[in-house]
Each structure stands twice: as C-alpha cells, then as structure tokens.
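The values are calculated or read from the model by the stated rules, or taken from the named source; none is laboratory data. Note that the structure is a prediction, hence the values are computed from the model and not measured. Virtual Cβ from ideal backbone geometry, glycine too; neighbours counted across all protein chains shown. In case anyone asks, the SASA skips ligands and DNA or RNA and just uses the protein heavy atoms, side chains included. Shrake-Rupley method; radii C 1.70, N 1.55, O 1.52, S 1.80 Å.
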Amino acid sequence: MSRYAKQKLPESLTFDENVETNNDDDDILLLKDVTVKFHILKSQIVTHAYPNISTVEEVKKDISKKFQTLPKYLVLKQPDSMKPLDDHQRLFDICDNEYGIIDINLELSENALEENVKLEPQIYYNNFNLPDFITVRVSADDKTDGSLSRDLVVEIENQAIMKPFVGGYVDKITKTEYHDAFTQTGPLLTQIKYEGIYSRDTQTVEEKSIEIETPCDRATVSYGDATALSYASKYTDRVIVAKNYESYDEMTKRIDPIGKIILIQRNFRRYMWQKLIRESAAEWRRMQKEQKRRESRRSKTRQDEYRKECIVKTFPKTKQDFDALHAQVQMWKENELKQISEKYSGAPKIAEMNMLLDKEVQLLNGIERQRQILQQEAKKVLNEQILKKLGDPVKWVGYTNLIIQMDTLRNQRARYLAQYYRKLADEPLGAHGRMTLLNRVSDVIAKEVHPAVNELETLLERERQLLISNIDDTGLDLLRKRQLTLLMDIIIHENGESHRKHNTRLCKKCSKVRPIAKFPLDTRQTSASICDRCSALQGPAVDIAIYRSILRSIRRDEKKRGALSSFAFIIHDNDIKYIVENIWHGHSAISNETNRSELRLPRWNIAQDWAPWNCICLTDTESRAHLKIKNLNFYYEDSIIKYIKNKHALSKTAFKQLREIDQVFVESGSWWQVGLDGKNI
C-alpha cells in the first residue's frame, strides 16, 4: 500500500479507485494534491486545491457551484492552447511542473453568451467560506506498531490584516485597481499577537494497525502449481505474445507497399475516370436540353410567323399585305399554267387557259374590293382625325411651364359643323328625320363663304326632292358621299387648312403631281422620279415581307455587334430582293435551298461590317454555323471562295453609288438614331 492515504475530497468530486498506480516512489503519486489557479476575466485569479486524480469534469462541477452556474456554460483551457480541455482528462496529466500548480483559463461558452450568463467574482467570494476546523493527516516517524499516520483536528483563526494604502493606479480599460508593493505584505511576525491553543494531540502520535485488501491492480504471490508471480489484469490491458523473428525482406513482402501503391493509383485513376464520365454526361445532358430549348423556340417562331402570315393573307391591311396576296395569286397562276402545259394541248388547253383567266380575274377582283373597303375605312378615320384636330383648342406653354389653352371662335365653329357632318354620315333614321336634318344643314351653311356652299345647297335640295318622291335610300349613296365631301371642304376652308402648301413632284410615268412622300427612294437609283403606284406596276407583284424579315435579321445582328454605321441601315427591302434574286439567284450558296423564308444574308468576313459585297446567301442553320468560323480558308474550298468573290464583284457594280449615300448618312448624323424610332430595325 502507498504511504499516502486518501484525503477528504470536495462534495462534488469523486475518483475511480481502480486507477492503476505504481509502487515506485519516483513515479507520480496519484493521491497528491495539486493547486489549480483559475484565471477569470484576465485579471482575477481564484485558487483551489484538488487531488491530482480528479477529472476536468469534476473540477468543472465544483467551480460551477461556487459561481452559481451550470457546468455546461464553463470552458476550461490552458493558457498556451486554444483547444478546451477534455472532460475525461485528469489533473496529473495536465500538471507539468514539480510544484503541483496548474494554470487554467476559466471562460464561458458561446451558449452562455447567448443566455447572458456571466462570471461574477463577488458571487464566488460570498459563497466561499474558509472552514474553522480542518483535519490534518500527519505521518508517523515510528512504524513499529504498524501505524503509518494519524489525523489531527486543527482550528483556523482568521486574522485579517488592514493594510495601509500608500499609492497605486486603476486600469482604464479593465477597471482593475493595482496597489504598490508595500501593501502586498503583512506586518512583521513579532507584531502579531497570537494566543495559541495548546493540546496534547499536537505533541503525540497514535499508531494503529489497519488491514486492507490487496488492490486488483497489484501483483501478488501465487501458491500452488504456479512458480511465478501472477497478475490480475484489467479489461483495458493488452496481452503481447512473442512471435517468430521476421527479417526486413519478409516484413516488406508481408506489408507489400508496392502493391498498395499500385492499388491506390489504380483506384485513383478509376475515380478520375468516373468523375470525367459524370462531368461529360452532365455536359451532354445540358447541351441536349439547350438544343431542345433552341429547337422549340425556333419551331415556335416558325409557327408564329405562319400564323401571322395566315392572318395577314386573310385580313390584309397594308400595301405590303396586298402585294403578298398578288404574289400568291401570281405563284398560283404559274403553277396552274405549268400543269396545263403538261397535261393538255390544242383546244382543251385553250379552254383550260380561259377558265384559269376567269379564276384569276375573280381573285383579283376580290382583292381589289377588299382594298377599296379598307381605303374607305381609312378615309373615314382620316376625316375623323382632321375634324378632331380642327376642333381642339389652341395650346401653348406659358410662364412657369404652365400649359395654356384658348378655345377660339374658329375652333368652336369647326366643332359645330363637325356635329352635322357626323349626323349626315350616320345611317338615316327615316325620310322625315332626314328632311329635318337637311333643312338644318342648309340654315347652318348659309352663313359660310365658300365656293362649294352653292353646290352643296343644290345637292341638299336634290335629295329633298328625291325623298319626297319616295326614292329608296340605296340609290342615294353616291349623292350623300358628294355632300359629305363638300361639307368637309367647307370645314377645312373655315380653318384655313386649304392654304397649306405641300411639297409635291411630277411623276414621269403617270404625269401626275403627287406628294414627295409618295416617291420611294432606292439605293440603286439616282433620283426619285416614279411614284409608288407606278413602281408597283413595273413588274409582277412580289411578297416583300420575306425580304423585309431578312433585312431585319441583318440589322439586328449589326446592332448587337455595335456596327451602327453599316450599310444595312441604308438599304431597303427592294435592295435585299435584288441581292437575293439577281445576285444569288434565290438559293443558298452551299445547299442550293430555294425556300425564301429560310434564306439569310450573314456577313462573309466576320471582322468587317455588313455590305452587299460582304455577305453570303445561306439558310438559317447554315448562317449560325458560318458566324462561328474564324478562318474561312480552312473550312471552304477554293472554288467556293472564288464563286463568292465573283458575287461580291457583281454587288459592288450594282451598288456603286451606295458609298456616296453612306457618306451623306454619316455626315448628317442620322446614324445615331438607328433603332430609336422603332422602324429602322
């Protein structure tokens, strides 16, 4: 048994009695006390003594009671380590000096900061009281009677010393008060009056013999068959059995490091290969998804274009829509003529030709009737806009950006006459109502000074006579249209609109004076001498919408590339038609595709701006692939390159004056407005 007996531990501390010890006195004595210095708030130090077999968890429980907090909120760390101490670690493993002193930082955990738990030294001092009586175990000098030690009861007298204050300072940050060195020591021992308590227990030692059992972790002598010492092992002990001698070569062969290296390399290569396959598969799936998305978007775009084309052909509104209808009729006629020429000859052929001519006349008449109806509707809308504009008050911006309106007598008169114009244009309510309206209009226009007043009065009198004769209203349509036209002239004359001068020009083909806006400009002509109506009659009708879409795609691409000074913003739809039909003969340069709706005119040299001599006729799919090519000589054969160069030479000849127009376009500053009005692109 060790010469150190168990000491009284704190209430919260326990220890395992089965801990292994060594009989050697030079080893660490497990039951020896150690002093633990707790550093609190980097300025306060609290000291406690614990048996060195105590665990960190037990120490944490004991100190938490003194600070009146829970052990889970405390963290114990060594000063030179940032890692918290393990709860199962014992103090003799931490103590690394011969004086048995351990420095530990006492901190709060993150949960404690969230719960607003604090370490208050005042609470510790209030709860910690030094006992008045303690038991001291004294070792006996004489061991003859077998007694090793005895316990003595010692009374402690607390004699606090009032130390004088001779100066010091206070830390501004931590608010810690520091005194001078003189105040840290007490008075001399000769100045202390001590009245001791004398007892016989302090002078004698009683020795007693105590029988104890042999611990299970100690070696004992075994009697019987065993001739050597036996040892009762614990479940944590390991039994080491001696093996046969093994040479280095045999050990290397058994361990096989080369084989393990090869295995690791093979598995690593397999892992990298599987990773590459997974990444490639993911990339392939992404590309497939992107391709499907693009195809769906293209098919949706084609469906929308087809739907719009059907709507336009069913309900035409603009001149381009009617041109598309005439082009479709012309295409139908050519196909029918081709079939008739292949199937018939002689008299049957002539009969089929006459039937085809009658059908063509019917189709053209239907288109023309639709055009006239739209023109009449457009004229009504235009007249209504003119009447509204004439009746609006005069507006201008005055002082402090205030909009001022003035309703003149002329505006009021225009609104007054516009009411009768609308009543005349509405459906008649009967002969009597119509007669009353005509009489009222006659009284209103009697005060007007205009050459058309007398003529209008004559027409009104003629309608009154026809109404008296009970003439059907369907026979009076032409007469009423003439009345509306004359009344509109009177209203416009009242507001001085007839004195406006329009910029007009004489058409050399029809010899009619028309506004300058009716003369379309073409980049391949030097002057505007033929009006739009005569230009439409020069050749067969063509569906210009296809070429307009090609031009829009060119301008969109040029705008994305920032080439706003490109020739694409100067040329017109007819120029694109000339390039496709006359230069490239209406087919792709690679696949010979003749479907005009699939053709595009991308750049030939990507580094240069688009021009009629820097383009190539390709399909939509071919153009997307062509725009990704950087080295043209690497992908195209010499014969194709020579063929395309010849087409570019023809384009330069056909658009030789385009450079002069482009110079005017740039110098005038019109290029910066490209795409701002919504019409250029």
> Restricting to segment 398-433, what's the tally of residues that are modelled with pLDDT of 85 or more, of a type in the set (D, E, K, R) and under 30 Å from Leu476 (Cβ atoms)?
Replying inline: 4
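Does Arg434 satisfy the condition of being at negative phi, surrounded by fewer than 16 Cβ atoms within 10 Å (Cβ to Cβ) and in a helix (DSSP H, G or I)? Outline the logic, then answer.
Numbers: at negative phi: yes; surrounded by fewer than 16 Cβ atoms within 10 Å (Cβ to Cβ): no; in a helix (DSSP H, G or I): yes.
No: the conditions fail for Arg434.
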> Restricting attention to segment 36-56, which residues are part of a helix (DSSP H, G or I) and surrounded by fewer than 18 Cβ atoms within 10 Å (Cβ to Cβ)?
Replying inline: none
> Any idea which residue in segment 401-427 is nearest to the chain's Cα centre (by Cα), counting only those that are open to solvent by 100 Å² or more (accessible area, probe 1.4 Å) and more than 18 Å from Val444 (Cα to Cα)?
Replying inline: Asn401
> How many residues are open to solvent by 60 Å² or more (accessible area, probe 1.4 Å) and either at pLDDT 85 or above or farther than 23 Å from Lys380 by Cβ (or both) when one looks only at segment 479-498?
Replying inline: 4
>> Among the residues of segment 477-495, what is the count of those that are free of Cβ contacts under 8 Å to residues at least 24 places away in the same chain and either under 26 Å from Lys447 (Cβ atoms) or basic (Lys, Arg) (or both)?
In response: 4
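Just name the residue that is nearest to Arg624 (Cα to Cα) out of those in segment 558-572 that are without any contact (Cβ under 8 Å) to a residue 60 or more places away in the chain and open to solvent by less than 40 Å² (accessible area, probe 1.4 Å).
Of all residues in segment 558-572, those without any contact (Cβ under 8 Å) to a residue 60 or more places away in the chain come to 558, 560-563, 566, 568, 572.
Checking which are open to solvent by less than 40 Å² (accessible area, probe 1.4 Å) leaves us with 558, 563, 566, 568.
Numbers: Glu558: 14, Ala563: 19, Ser566: 20, Ala568: 19 Å.
Here the residue is Glu558.
So how many residues does segment 564-595 have that are part of a helix (DSSP H, G or I) and at pLDDT 85 or above? Quick ask: steps written out before the conclusion?
So the first thing to find is which residues in segment 564-595 are part of a helix (DSSP H, G or I), and the list is 567-569, 573-583.
Still in the list and also at pLDDT 85 or above: 568, 575-583.
Here the count works out to 10.
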> Taking Lys630, is it charged (D, E, K, R), touching a residue at least 12 places away in the same chain (Cβ under 8 Å) and surrounded by fewer than 14 Cβ atoms within 10 Å (Cβ to Cβ)?
Replying inline: yes
>> Every residue in segment 234-263 that is among the hydrophobic types (A, V, I, L, M, F, W, C) and assigned to a loop (DSSP other than H, G, I, E, B), please.
In response: Val239, Ile240, Val241, Ala242
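Among residues belonging to segment 241-274 that are polar (S, T, N, Q) and exposed (fewer than 10 other Cβ atoms within 10 Å of the Cβ), point out the one that is modelled with the lowest pLDDT.
We begin by selecting, within segment 241-274, every residue polar (S, T, N, Q); these are 244, 247, 252, 265, 267, 274.
Subset that is exposed (fewer than 10 other Cβ atoms within 10 Å of the Cβ): 244, 247.
Numbers: Asn244: 87, Ser247: 90.
Selected residue: Asn244.
Could we say that Glu352 is charged (D, E, K, R), farther than 23 Å from Pro316 by Cα and open to solvent by less than 60 Å² (accessible area, probe 1.4 Å) here? Before you say what the answer is, go through the steps one by one.
Details: charged (D, E, K, R): yes; farther than 23 Å from Pro316 by Cα: yes; open to solvent by less than 60 Å² (accessible area, probe 1.4 Å): yes.
In short, yes.
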>> Anything in segment 275-303 that is of a type in the set (Ser, Thr, Tyr) and at pLDDT 95 or above? List them, or say none.
In response: Ser280
>> For segment 104-114, give me each residue that is open to solvent by less than 70 Å² (accessible area, probe 1.4 Å) and over 16 Å from Glu57 (Cα atoms).
In response: Ala112
>> Against the conditions (1) at pLDDT below 90; (2) more than 37 Å from the chain's Cα centre (by Cα); (3) surrounded by 13 or more Cβ atoms within 10 Å (Cβ to Cβ), where does Gln663 fall short? Just the number, please.
In response: (3)
>> Name the residue that is modelled with the lowest pLDDT, counting only residues in segment 504-557 that are part of a loop (DSSP other than H, G, I, E, B), open to solvent by less than 40 Å² (accessible area, probe 1.4 Å) and out of contact with any Leu (no Cβ under 9 Å at 6 or more places or on another chain).
In response: Gly539
> Condition test on Val312, is it open to solvent by less than 80 Å² (accessible area, probe 1.4 Å) and at pLDDT 90 or above?
Replying inline: no
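Select from segment 580-605 the residues that are β-branched (Val, Ile, Thr) and open to solvent by 40 Å² or more (accessible area, probe 1.4 Å) and list them in ascending order. Please lay out each step first, then the result.
Of segment 580-605, the ones β-branched (Val, Ile, Thr) are 580, 583, 590, 594.
Across segment 580-605, the qualifying residues are Ile590, Thr594.
Per-residue answers, yes or no, for (1) closer than 30 Å to Cys534 by Cα; (2) out of contact with any Pro (no Cβ under 9 Å at 6 or more places or on another chain):
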position	(1), (2)
Lys289	no, yes
Phe322	yes, no
His326	yes, no
Val329	yes, yes
Glu334	yes, yes
Lys338	yes, yes
Tyr344	no, yes
>> Pull out all pairs, ordered by first then second residue, where Cβ-Cβ is under 8 Å, the residues are six or more apart or on different chains, the first lies in segment 635-658 and is in contact (Cβ under 8 Å) with a residue 40 or more places away in the chain, and the second is assigned to a loop (DSSP other than H, G, I, E, B) and of a type in the set (Lys, Arg).
In response: Ala654/Arg524; Phe655/Arg524; Gln657/Arg524
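Identify all residues within segment 57-79 that are in a loop (DSSP other than H, G, I, E, B), open to solvent by less than 40 Å² (accessible area, probe 1.4 Å) and more than 10 Å from Leu106 (Cβ to Cβ); write none if there are none. Outline the logic, then answer.
Residues of segment 57-79 in a loop (DSSP other than H, G, I, E, B): 67-70, 78-79.
From what's left, open to solvent by less than 40 Å² (accessible area, probe 1.4 Å): 67, 69.
If the condition is that a residue be in a loop (DSSP other than H, G, I, E, B), open to solvent by less than 40 Å² (accessible area, probe 1.4 Å) and more than 10 Å from Leu106 (Cβ to Cβ), then Thr69 is the only one that fits.
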> Would you call Tyr125 open to solvent by 30 Å² or more (accessible area, probe 1.4 Å), modelled with pLDDT under 85 and in a loop (DSSP other than H, G, I, E, B)?
Replying inline: no
> So which residues in segment 286-317 are closer than 17 Å to Val329 by Cα and either without any contact (Cβ under 8 Å) to a residue 40 or more places away in the chain or outside any loop (DSSP other than H, G, I, E, B) (or both)?
Replying inline: Glu309, Cys310, Ile311, Val312, Lys313, Thr314, Phe315
